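S.K.: Before anything else, here's the structure in question.
The values are calculated or read from the model by the stated rules, or taken from the named source; none is laboratory data. Everything numeric in this text was worked out from a predicted model, so none of it was measured. Glycine also receives a Cβ, built like all others from the backbone with ideal geometry; neighbour counts cover every protein chain displayed.
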Amino acid sequence: MSPLLAQAYVPLLAMDPLHPGIIVLMFLVGVTLVLIETALPGIIIGLIGGVLTAVSIYFAFAHHGLAFGLALSGIAAVVIPLGVVWVLLRTTLRDSQREEDGYVANPSELATLVGMRGQALTPLRPAGTCAIGRARVDVVTDGTFIEQGASVVVAQVEGGRVVVRPDC
C-alpha cells in the first residue's frame, strides 16, 4: 500500500466507532436498504436496513443525547413512509386497459358454440372434455356431475370458459 493511501486510511481507522458521522452513515445505509426493499422482492434487505436504522437511532440516543436521537427518529419517521409511497407510486401500474380506449380481447371462436349440442367424452365433474361439432372442447358444468357419453348443450361462453348443461 502506498504511503499516501495509508495516510488517508489512518484517520478512518482511528475514528471512534460511535462518532456521529458513523452513526449518520449507518442510518442512511439502513434507510436506503428499507427503501430498496419496497421495490425488490424478499425480506433480508429490509430486515438489515431496519436493524441498521434502529441501531443507529439507539446509538444516537445512548451516546450523543436526546437532540441527536430525536433528530434521527424524526427523519426516519418522515423519510421512510414518504420514500415507500414514492417507490410504490413509481413501480405500480396506474393505467387500466378499458374497452373505451380500444383495449378489447380477440373475439373467441368459442362464442359460436352457444346453443350447440355435443357429447361428453369424459365424466364432467364439473370439468372435462366434450365433442361439440367436430372439435374436442374443454368444458365445465354449472356444478352438476354429467356422465361420460351423455348429451350436453352449450349454455354459455365466457372468454375461454365453455359452460355446458345436460341436454334434456
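S.K.: I need the full set of residues from region 146-168 which are part of a loop (DSSP other than H, G, I, E, B) and surrounded by 12 or more Cβ atoms within 10 Å (Cβ to Cβ), in order please.
M.R.: The answer is Gln148, Ala150, Asp167.
S.K.: Search region 153-168 for residues that are within 16 Å of Arg136 (Cα to Cα) and pair each with any residue that is assigned to a loop (DSSP other than H, G, I, E, B) and at pLDDT 90 or above when their beta-carbon atoms are under 8 Å apart and the residues are at least 6 apart or on different chains.
M.R.: Pairs that qualify, where the first residue is within 16 Å of Arg136 (Cα to Cα) and the partner is assigned to a loop (DSSP other than H, G, I, E, B) and at pLDDT 90 or above, are Val153/Gly115; Val153/Met116; Val154/Val114; Val154/Gly115; Val154/Met116; Val157/Val114.
To keep it simple, each residue is scored yes or no on (1) touching a strand residue (DSSP E or B) at 6+ places or on another chain (Cβ under 8 Å); (2) assigned by TED's automatic domain parsing to the domain that holds Phe27; (3) at pLDDT 90 or above.
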| residue | (1), (2), (3) |
| --- | --- |
| Phe59 | no, yes, yes |
| Ala67 | no, yes, yes |
| Gly83 | no, yes, no |
| Gly143 | no, no, no |
| Val162 | yes, no, yes |
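S.K.: Evaluate the following for Val157: is it in contact with a helix residue (DSSP H, G or I) (Cβ under 7 Å, 6 or more places away or on another chain) and farther than 30 Å from Val51 by Cα?
M.R.: yes
S.K.: Would you confirm whether any residue within region 85-92 is more than 30 Å from Val139 (Cα to Cα), at pLDDT 90 or above and either in contact with a His (Cβ under 8 Å, 6 or more places away or on another chain) or surrounded by 11 or more Cβ atoms within 10 Å (Cβ to Cβ) (or both)? Reasoning before the result, please.
M.R.: So the first thing to find is which residues in region 85-92 are more than 30 Å from Val139 (Cα to Cα), and the list is 85-92.
Keeping just the survivors that are at pLDDT 90 or above gives none.
Looking for residues that are more than 30 Å from Val139 (Cα to Cα), at pLDDT 90 or above and either in contact with a His (Cβ under 8 Å, 6 or more places away or on another chain) or surrounded by 11 or more Cβ atoms within 10 Å (Cβ to Cβ) (or both), one finds none in region 85-92, hence no.
S.K.: Hey, can you tell me all the residues within region 123-145 that are more than 35 Å from the chain's Cα centre (by Cα) and loosely packed, with under 15 Cβ neighbours inside 10 Å?
M.R.: Ala131, Gly133, Arg134, Ala135, Arg136, Thr144, Phe145
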